[in-house]
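The structure appears right after this line, and notes come after that.
Here, each number is a calculation from the coordinates, and none is a lab measurement. Quick caveat: nothing in here was measured; it's all calculated off a predicted structure. Here Cβ is always computed from backbone atoms with ideal geometry, including for glycine, and neighbour counts include all displayed protein chains.
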């Protein structure tokens, strides 16, 4: 049965943000419950608070270990004890919230590593709170890498509808972005997104590779990375059997992608892809943590402190993140 | 234009640009729409070139040479007034001849002089070809914007793009110009951007932007959204410190003088409808942070504006398109937006 119905660990995210509300709203959608064995992982009071904010009440049974998750017929709660209500205030950067998030994610990863769940879908977290709460890594992806002891290349994918993007550098200062443009990184990002698209059911993924500089360097007069590094790397990708094209200037690549020319886009730095994707559909974007031994997804948006606790959060991206987790989880379980 | 007499229309001079490119034919196509433009348009270029390009495209247009001091006839579809500048060599559509580099610069000089002497209220530039001008004996030429800056003797100009529609076609307030994005740095390799972004530069750019939004757009207290440089606007210093060390102190200093500045905001959240709806303009820190969004997000047609000059100058947002030249298939949409913007700006600046 596990092949037909994946087991998904769903976390509540940062208690000071919109995460708990989103999970409550997600479980309210009737067809969600039939798509997976869902185990909500988090403190009971945070879950109750999320439901209160969402104006929803679900009676869901508790389990005492992720090992029990797969046997359930409806959604269940694995209660944790990571944070006290009096220590949380909405919309505040808070190291205690960050610690809570990290503990829950570790628990989920351990369960997935043990084969107890097939994928993890986590609600938005706040990086600053996590750093104050003990995160030593540049972002959550590298925290996952460390905890799961991954030694092969990884990449954060952002997806919107049928378009997936990967990037060769992520949460680094812009001043360092150009030095991160290397042939190895381009090849690896192309390979990772190719493999992920295959796993997601695209038989022959078409991949567009972005340029780094304005107007793709204008023939070398506005930066030479396109000539010296990116174009040769794309040739190497093609030699390796990937249907890669480029480098294309930032102002045309997403127009072409939007028009259906590419299944995946490889970008050179964080904001190159993020601005485009969020502008094309901020509410629906999903981040997939690629290259890990287990599928992990999350909405592309953050904790939305400006509307936290107000019941106004839009559940659409969380829903898409859950759907992708189900697809990848099913694929993962069938391997 | 209902309720508007011909005499009250601003006079906008269009430099027709590289003669082998699409500039001349776009100007001719616009002349076919002359009766519905919010301006009295006059072209600057070679009248014979325009006549022959019109003939080959089967456009029935009366080319009327006149002098900058002359009154212009009432706008009429199919009639184009021209301030003559002679080609240096015959021009074939699609084939560059560096001999005409000097011709292109002559058209610019005439437009600048006419604006400065009050014979034109604004200038709109059709695309030129940088390479042809450089090869034509002007090795120091780097582009329209720098040429105008030097000709006008100013230190800092700001490139701003504007569109004729708001995001997803949603109008907000002034329908002439729903999204405006100015750039703190322009055509720089990405690796040089962070170093170029000094507090002094940012302050100069913001002063020009704020001043010209007041002067040329009639906005009493412009609301400007400012992008961060780094992912997530540096996320409290974890992803870069320019926000803390350069951008925030500059914004704070200018706020004490009354400028209405919001930011630095993460660029990927700033460029969403919720934030854009509150702004008169956005300041992006680098070229690809600000301009791509105008191209793929459904803001309609765009045009460039050069701020900080003692005259009004707008331009198309595309190049010479040599491969399309002479075919009559190029789209005059951006030129029309550029003319409308120039006319609006000229009216406010009166």
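Taken over chain B, the ratio of Cα radius of gyration to 2.2 N^0.38 Å equals 1.00.
Rounded to the nearest 5, the antiparallel percentage of DSSP beta bridges internal to chain B is 35%. Its Cα gyration tensor gives the stretch A:142-191 an equivalent ellipsoid. The semi-axes, each the square root of 5 times an eigenvalue, are 17, 17, 12 Å from largest down. Structural descriptor for the stretch B:158-296: relative contact order 31 percent, calculated from alpha carbon pairs under 8 angstrom and at least 6 residues apart.
One equal scatterer on each Cα of the protein assembly as shown, no solvent, Debye formula: the resulting log10 I(q)/I(0) at q = 0.07, 0.08, 0.09, 0.10 Å⁻¹ is -0.53, -0.67, -0.81, -0.95.
State the Cα centre-to-centre distance between the stretch A:92-124 and the stretch B:238-272 in whole Å. Value for the Cα centre distance between the two parts: 33 Å. Of all beta bridges that DSSP places with both ends in the protein assembly as shown, some 30 percent have antiparallel geometry. Residue-normalised convex hull volume from the C-alpha trace of the stretch B:1-109: 84 Å³ per residue. Cα-based radius of gyration for the stretch B:116-162, normalised by 2.2 N^0.38 Å, reads 1.31.
The C-alpha atoms of chain A define a longest principal axis, and helix A:316-333 lies at about 80 degrees to it.
In this simple spin-label approximation, residue B:252 and residue A:89 carry label points 7 Å from Cα along the Cα→Cβ vector, and these lie 2.2 nm apart. When chain B is treated as a GNM with alpha-carbon contacts under 10 Å, the residue of B:236, B:45, B:143 showing the greatest mean-square fluctuation is B:236.
Restricting the calculation to Cα atoms, every distinct pair contributes to the Kirkwood radius of the stretch A:105-145, found to be 11.2 Å. Over chain A, the ratio between the Cα radius of gyration and 2.2 N^0.38 Å evaluates to 1.00.
The shape of the stretch A:213-266 comes out oblate: with a ≥ b ≥ c from the C-alpha gyration tensor, a/c is at least 1.5 while a/b does not beat b/c. Sequence-distant contacts, meaning Cα pairs under 8 Å at least 6 residues apart, place the relative contact order of the stretch A:226-335 at 17 percent.
Note on chain A: with a GNM built from Cα contacts shorter than 10 Å, the maximum mean-square fluctuation among A:183, A:129, A:65 falls on A:65. Rounded, prolate or oblate: which one fits the stretch B:202-266, using the alpha carbon gyration tensor with axes a ≥ b ≥ c (rounded when a/c is under 1.5, else prolate when a/b beats b/c, else oblate)? In terms of gyration-tensor shape, prolate. If you run the Gaussian network model on chain A, springs between alpha carbon atoms under 10 Å, then out of A:306, A:43, A:271 the most flexible one is A:306.
Considered as an equivalent ellipsoid built on the Cα gyration tensor, the stretch A:1-121 has semi-axes of 23, 17, 11 Å, the largest given first. Where a ≥ b ≥ c are the square roots of the eigenvalues of the C-alpha gyration tensor, would you call the stretch B:205-350 rounded, which needs a/c under 1.5, or, failing that, prolate if a/b is larger than b/c, or oblate? Verdict is oblate for the stretch B:205-350. In the stretch B:40-195, the alpha-carbon atoms span a convex hull of 191 Å³ per residue. Panel order for A:8, A:38, by other beta carbons found within 10 Å of each beta carbon, from fewest to most: A:38, A:8.
Taking the C-alpha atoms only, the angle from helix A:19-28 to the longest principal axis of chain A is near 80 degrees. In terms of overall dimensions, the C-alpha atoms belonging to the stretch A:67-174 reach 41, 34, 30 Å along their principal axes, ordered largest to smallest. For chain B, the longest principal axis of the alpha carbon atoms and the long axis of helix B:101-116 meet at an angle near 70°. Dimensions of the stretch A:177-308 along the principal axes, based on C-alpha atoms and rounded to the nearest Å, stand at 47, 33, 29, largest first.
Using only Cα coordinates, the Kirkwood hydrodynamic radius of the stretch B:10-61 works out to 11.2 Å. Look at the alpha carbon pairs under 8 Å that are at least 6 residues apart: their mean separation over the length of chain B gives a relative contact order of 24 percent. Beta bridges from DSSP with both residues in the stretch A:153-290: antiparallel share about 40 percent, rounded to the nearest 5. Inter-part distance, the stretch B:274-290 to the stretch A:230-273, computed on C-alpha centroids, equals 25 Å.
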